[in-house]
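See below for the structure under consideration.
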Amino acid sequence: MGRMTRTQITLEPDEHLFLKTRAAEEGTSLSAIIRTLVREKMEQIQSERPSVRELAGLITGSDFSGKDHDRILYGEPAPEPTGKSVTTPPRRTKPRRGGHGTASRR
């Protein structure tokens, strides 16, 4: 294990009793129990996230594509196809002064 960071937390009495009891049952420290629970939760969250390959639609047999990422990540329903193509409006550019991007001297 690498370098650890010391922190302080505030617990409800029942939470503290739960952790103390579990630590005593396992013959370890309260800190070790908390680290284990945090690590387990981190691993659970990581395993529930789709992989980059799933998001990119690169897995054989997958119909995911880049346009599906919001639906996959946030659970939003897929948008209904409109049949209209989306176009990007033209960029507005400011006229240049002094020619070729150089500042004019006065």
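The values are calculated or read from the model by the stated rules, or taken from the named source; none is laboratory data. This structure is a prediction, so every number in the text was calculated from the model and none was measured. Every residue, glycine as well, gets a Cβ built from its backbone with ideal geometry; the counts of neighbours run over all protein chains shown.
Take the conditions on the phi > 0 side of the Ramachandran plot, at pLDDT 65 or above and either among the charged types (D, E, K, R) or under 18 Å from the mean Cα position of the chain (by Cα) (or both) and apply them to GLY27. Does it pass?
No, not satisfied.
Does region 41-53 contain any residue that is surrounded by 10 or more Cβ atoms within 10 Å (Cβ to Cβ), aliphatic (A, V, I, L, M) and modelled with pLDDT of 75 or more?
Yes; the residues of region 41-53 include at least one that is surrounded by 10 or more Cβ atoms within 10 Å (Cβ to Cβ), aliphatic (A, V, I, L, M) and modelled with pLDDT of 75 or more.
Taking only pairs six or more apart or across chains, which ones have beta-carbon atoms under 8 Å, a first residue in region 1-14 that is in contact (Cβ under 8 Å) with a residue 12 or more places away in the chain and not assigned by TED's automatic domain parsing to the domain that holds THR36, and a second residue that is among the hydrophobic types (A, V, I, L, M, F, W, C) and assigned to a loop (DSSP other than H, G, I, E, B)?
The qualifying pairs do not exist here.
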